[in-house]
Amino acid sequence: MIPEINIWAVLLATLSSMVVGSVWYTPKVFGNYWMKVANVTPSGEAKDAVKPILITLVVSFVSALVLAGSAAISQHFYGGNFLANTLITAVILWAGFTAARFITHDAFEGRPAGLTVLNCAHELVTLVVMGLIIGLFGISAA
């Protein structure tokens, strides 16, 4: 069985990921710190950002789709409030997959703890915003 997914919610959640990332990694927010601790030097060429942005768009769509499907399954299993189930599902998926994997890989790669915390926090905010959008839209597209 395939869970019922509201594609409009998934598309809007995908776009929200781009907005959260754009704000989060802007130089005046966390961008300067991120570039310093991640040892990233921007080329200054807009064309160099096209490929990472397209990749981000695709993986954000996959994340939103998986979250929507997981939330629908959670709703079917637990019942109750869809928004609450979606937000709880987003946090559980973040902790169990995203944060756990970031922490493991960053530890083995010797990345600074501050970078790990920054990136994990960004992913948490991204998934919670996605969860909020998906939860507010509900399961079925009208």
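The values are calculated or read from the model by the stated rules, or taken from the named source; none is laboratory data. None of these values were measured; they are calculated from a predicted model. Note: ideal-geometry Cβ built from the backbone for every residue, glycine included; neighbour counts use all protein chains shown. Note: accessible area is taken over every heavy atom of the protein model, side chains too, but ligands, DNA and RNA are not part of it. Shrake-Rupley method; radii C 1.70, N 1.55, O 1.52, S 1.80 Å.
Tabulated results
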{"item": "For the chain, size of Cβ-based charge dipole, Lys and Arg +1, Asp and Glu -1, in debye", "result": "200 debye"}
{"item": "Normalised contact order of the chain, rounded percent, pairs of Cα under 8 Å and 6 or more residues apart", "result": "42 percent"}
{"item": "For D48, solvent-accessible area (1.4 Å; no DNA, RNA or ligand), Å²", "result": "80 Å²"}
{"item": "10 Å binning of all Cα-Cα separations within the chain, expressed as whole percents from 0 upward", "result": "12, 37, 32, 15, 3"}
{"item": "Per-residue HN-Hα couplings for region 108-113 [Karplus 6.51, -1.76, 1.60; θ = phi - 60°; Hz; x = Gly/Pro]", "result": "5, 8, x, 6, x, 4"}
{"item": "Potential lengthening between I2 and V66 on full extension [0.36 nm per residue; Cα-Cα distance subtracted]", "result": "21.9 nm"}
{"item": "On Cα atoms only, tilt of 82-93 relative to the major axis of the chain in degrees", "result": "40 degrees"}
{"item": "Within the accessible area of the chain (1.4 Å probe), percent carbon and sulfur", "result": "72 percent"}
{"item": "Farthest toward positive dipole pole in the chain [+1 Lys/Arg, -1 Asp/Glu at C-beta], among I134, H76, A99", "result": "A99"}
{"item": "Inter-site label distance for A113 and N32 at 7 Å from Cα along Cβ, in nm", "result": "2.4 nm"}
{"item": "Probe 1.4 Å, all protein chains present, accessible-area order of H122, H105, largest first", "result": "H105, H122"}
{"item": "Helix 7-24 axis, angle to the chain major axis (alpha carbon atoms, nearest 10°)", "result": "30 degrees"}
{"item": "Helical contribution to [θ] at 222 nm, DSSP H n ≥ 4, -39,500 (n - 2.57), averaged over the chain, rounded to 500", "result": "-23500 deg cm²/dmol"}
